[in-house]
Amino acid sequence: MIGSFIAACGGIAFFAIGAGAMLAPGLSSVQYGLPTTDRTALALIRAIGARDIVLGIILLLLLATRNRAALEIVLGVSVIAALGDATAVVTGRSDAGPRDLAIHAGGAIALIVAWRLARFREE
């Protein structure tokens, strides 16, 4: 039950973060750790937002259909997105600090915890 709850929170969070990036890419770029007003960079933030919306919908659909095996896989591989985001911040800013990376590292840790908990077969 706790694994499903955390996975649901993750799905909702992915969706909300993605919607924010689509609707307010400038604000999202600051929260993301790569503050910018460059139109090309803001377009990339919107693309990342679309990815997050899709991941959120997939997680919620897998929970709703009780597809535990696929849920485990999606939770596990979603860690790659969080690590990729952290890498983008580190390589995109010479002054990136712990605060800039914490959001992405925290996301990766939360996904790993959700993945581990989802592995416990709940009914």
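The values are calculated or read from the model by the stated rules, or taken from the named source; none is laboratory data. None of the values given here were measured: they were computed from a predicted structure. Cβ: placed from backbone, ideal geometry, glycine included. Neighbour counts: every protein chain shown.
Could you please let me know if A102 is surrounded by fewer than 18 Cβ atoms within 10 Å (Cβ to Cβ), without any contact (Cβ under 8 Å) to a residue 24 or more places away in the chain, out of contact with any helix residue (DSSP H, G or I) (no Cβ under 6 Å at 6 or more places or on another chain) and more than 20 Å from R119 (Cβ to Cβ)?
Yes, satisfied.
Before we move on, is G107 part of a helix (DSSP H, G or I), surrounded by 14 or more Cβ atoms within 10 Å (Cβ to Cβ), touching a helix residue (DSSP H, G or I) at 6+ places or on another chain (Cβ under 7 Å) and at pLDDT 95 or above?
no
Does region 64-75 contain at least one residue that is out of contact with any strand residue (DSSP E or B) (no Cβ under 9 Å at 6 or more places or on another chain) and on the phi > 0 side of the Ramachandran plot?
Yes, there is a match, as at least one residue in region 64-75 is out of contact with any strand residue (DSSP E or B) (no Cβ under 9 Å at 6 or more places or on another chain) and on the phi > 0 side of the Ramachandran plot.
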